[in-house]
Amino acid sequence: DAGVIQSPRHEVTEMGQEVTLRCKPISGHDYLFWYRQTMMRGLELLIYFNNNVPIDDSGMPEDRFSAKMPNASFSTLKIQPSEPRDSAVYFCASRPSLGETQYFGPGTRLLVL
Amino acid sequence: QKEVEQDPGPLSVPEGAIVSLNCTYSNSAFQYFMWYRQYSRKGPELLMYTYSSGNKEDGRFTAQVDKSSKYISLFIRDSQPSDSATYLCAMSPYSSASKIIFGSGTRLSIRP
């Protein structure tokens, strides 16, 4: 299995631009999670999906952030408009229905100038 | 106050030493406790998973939970340079938990 795949691995953009992060979960996993990691705040859960349905988006910072999961093998996290304080590493993770292990992707390093 | 507190380090020890990593928490509802290891520029990976109080051993790693003190520990015996990473504690009230609260991570360096 290829594991969780994220793209792009690095993104540099200017303030005000739209940013789209992509994730392909492990095949057969029913849960998909988006996290953000910064030095100041650590690893924070933004939103998670079960069977493509958003279950809890209470961690999404504000309306500039949105996430979708149109099918079981693809999810996006969009930031529009982006701000310098959005600079962080964004991780996608997936998990099967039965089991406690979340499998993380390699992350996308986002820098907003 | 954060729900989970973890000393960020960095912690540097010589190869072969016993390493002790710790977290405290404030939410008494937490029942499931995890340790994740994160190598530089990689995603976290689950290292240990324990339920309630007690010890769990896996090779050179031992996870310890003391719910009365709201304190968890990870011990690494015979530490190796390959153990150099950031270690994050994590916890949840439920099994197969979706909403996990992570500590900020302790950066560990093992000197050859």
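The values are calculated or read from the model by the stated rules, or taken from the named source; none is laboratory data. What you see is a predicted model; the values in this text were computed from it and never measured. For neighbour counting, all protein chains shown are included, and Cβ atoms are generated from backbone atoms with ideal geometry for every residue, glycine included. SASA here: full protein model, heavy atoms, side chains in, ligands and nucleic acids out. Shrake-Rupley method; radii C 1.70, N 1.55, O 1.52, S 1.80 Å.
Mind grabbing the base-10 log of I(q)/I(0) for the protein assembly as shown at q = 0.10 Å⁻¹? Debye formula, identical points on the C-alpha positions, no solvent, two decimal places. Results for the protein assembly as shown at q = 0.10 Å⁻¹ read -0.46. Computed from the alpha carbon positions, the gyration tensor of chain B leads to an equivalent ellipsoid with semi-axes of 23, 14, 13 Å, biggest first. Over chain A, what percent of the accessible surface lies on carbon and sulfur atoms, probe 1.4 Å? Ligands and nucleic acids excluded, carbon and sulfur give 50 percent.
Across peptide A:40-47, the average count of Cβ atoms from other chains found within 10 Å of a residue's Cβ is 4. A 1.4 Å probe run over the protein chains yields, for the stretch A:7-46, 54 Å² of accessible area per residue, whole-number rounding.
For the protein assembly as shown, lysine pairs separated by 8 or more sequence positions, or belonging to different chains, with Cα-Cα distances below 27 Å total 21. In this rough spin-label picture, where each label sits 7 Å from Cα along the Cβ direction, the A:MET40-B:SER69 distance is 3.3 nm. Structural descriptor for chain A: relative contact order 37 percent, calculated from alpha carbon pairs under 8 angstrom and at least 6 residues apart. Across chain B, Cα pairs under 8 Å and at least six residues apart give a relative contact order of 37 percent. The ellipsoid that matches the Cα gyration tensor of chain A has semi-axes, each √(5λ) in whole angstrom, of 23, 14, 13, with the longest given first. Remark: mean inter-chain Cβ contacts per residue of A:103-110 equal 3, using a 10 Å Cβ-Cβ cutoff to other protein chain atoms. Estimated from the Cβ-Cβ distance and a Förster radius of 22 angstrom, the FRET efficiency linking A:SER97 and B:ASP58 is about 0.35. Note the buried accessible area between B and A here, summed over both chains, with a 1.4 Å probe, in Å² to the nearest 100. Chain pair B/A: roughly 1600 Å² of buried accessible area. The distance from the alpha carbon centre of the stretch A:1-72 to that of the stretch B:46-64 is 29 Å, rounded to a whole number. Shown for the stretch B:12-98: the carbon plus sulfur share of the solvent-accessible area, taken with all protein chains present and a 1.4 angstrom probe, equals 46%.
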